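The values are calculated or read from the model by the stated rules, or taken from the named source; none is laboratory data. In this text, all values refer to a predicted model and were calculated from it rather than measured experimentally. Cβ placement follows ideal geometry from the backbone for every residue including glycine, while neighbour counts extend to all protein chains displayed.
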């Protein structure tokens, strides 16, 4: 269920069918609109599988903006998001005695550069450079996803303060690059680490709760179409039951993507999860173990 907000730039209700993302909580739409209005990044927190990463792609589709993404690792630094030096090409040119001595000659634009100013990033990209991050020229803006920031070293959130505040990045050997188009930065966190207060002050924060059975059913309908049986809700209830067991045992809970995989497998093999009035089959047990539980039954009980 979504709600309209006066003057809102983002209204998924106007684009039914554009994205399978389910805006089941009006807080989601409100948070996106606050981030757009304030030109602040949107920090989306929640457990894995709650829909954090897919939100960015859905917003981009509804706004008809370009969508870029970068998944953070423990090795990610600000420089990786801004620009990197193509050391391989530089070495090859040096060996061939055609080294370009310009300070920025071997820079490869990163996702922040492409998001802020695709024109100068495109001009900088060398022939043969991987240009899959190049936003389409016709787009009015960019939604940039910086995924799983809590995987990074503690310095990265603080290093992002300048670019987040000023929409400007410092590029080695060049003048600073300032955003030339609307940019919404969506940053996700699995809540594995507490973000620095200065970083939080610069973000609009949205916490996504774990979906309940009705929301999972809506997700299945949006992806797979409506059905005239109870398969979606029955698999949803089984998923949440396993999630409760996993939480008690200190294990990872099934995600929305795994729920959808299980539904797809049930459709393909004409299977149904057990209910109060219907037992499950051996094939269902195999599907559950492979796609949903992903642990032998004994491990699930004893973990």
Next on the checklist: Please verify whether residue 97 is over 29 Å from residue 152 (Cα atoms) and either in contact (Cβ under 8 Å) with a residue 40 or more places away in the chain or under 19 Å from the mean Cα position of the chain (by Cα) (or both), treating the condition exactly as stated.
Outcome noted: no
Checklist entry - Do we find a residue being touching a residue at least 40 places away in the same chain (Cβ under 8 Å), surrounded by 15 or more Cβ atoms within 10 Å (Cβ to Cβ) and not in a helix (DSSP H, G or I) anywhere in the range 238-245? => result no
Checklist entry - Of all helices (runs of 4 or more DSSP H) completely enclosed by the range 104-194, which ones contain at least 1 residues that are at pLDDT 85 or above and surrounded by fewer than 18 Cβ atoms within 10 Å (Cβ to Cβ)? => result 118-124, 155-159, 161-166
Checklist entry - Do we find a residue being in a helix (DSSP H, G or I) and touching a residue at least 24 places away in the same chain (Cβ under 8 Å) anywhere in the range 38-49? => result yes
Item to check | Residues satisfying the stated conditions in the range 195-211, i.e. in a loop (DSSP other than H, G, I, E, B) and either closer than 13 Å to residue 41 by Cα or free of Cβ contacts under 8 Å to residues at least 60 places away in the same chain (or both) | outcome: 196, 202, 203
Checklist entry - Among the residues of the range 80-99, how many are assigned to a helix (DSSP H, G or I) and surrounded by fewer than 16 Cβ atoms within 10 Å (Cβ to Cβ)? => result 8
Next on the checklist: Looking at the range 84-99, can you tell me whether even one residue there is in the same structural domain as residue 159 (by TED's automatic domain parsing), out of contact with any strand residue (DSSP E or B) (no Cβ under 8 Å at 6 or more places or on another chain) and within 30 Å of residue 182 (Cα to Cα)?
Outcome noted: no
Checklist entry - Does residue 24 satisfy being assigned by TED's automatic domain parsing to the domain that holds residue 157, at pLDDT below 95 and under 16 Å from residue 188 (Cα atoms)? => result no
Checklist entry - residue 203 is checked against (1) more than 17 Å from residue 49 (Cα to Cα); (2) assigned by TED's automatic domain parsing to the domain that holds residue 266; (3) buried (at least 18 other Cβ atoms within 10 Å of the Cβ) and fails just one. What number does that condition carry? => result (2)
Checklist outcome for this item: residue 50 meets each of (1) at pLDDT below 90; (2) surrounded by fewer than 16 Cβ atoms within 10 Å (Cβ to Cβ); (3) within 30 Å of residue 252 (Cβ to Cβ) with one exception, condition (2)
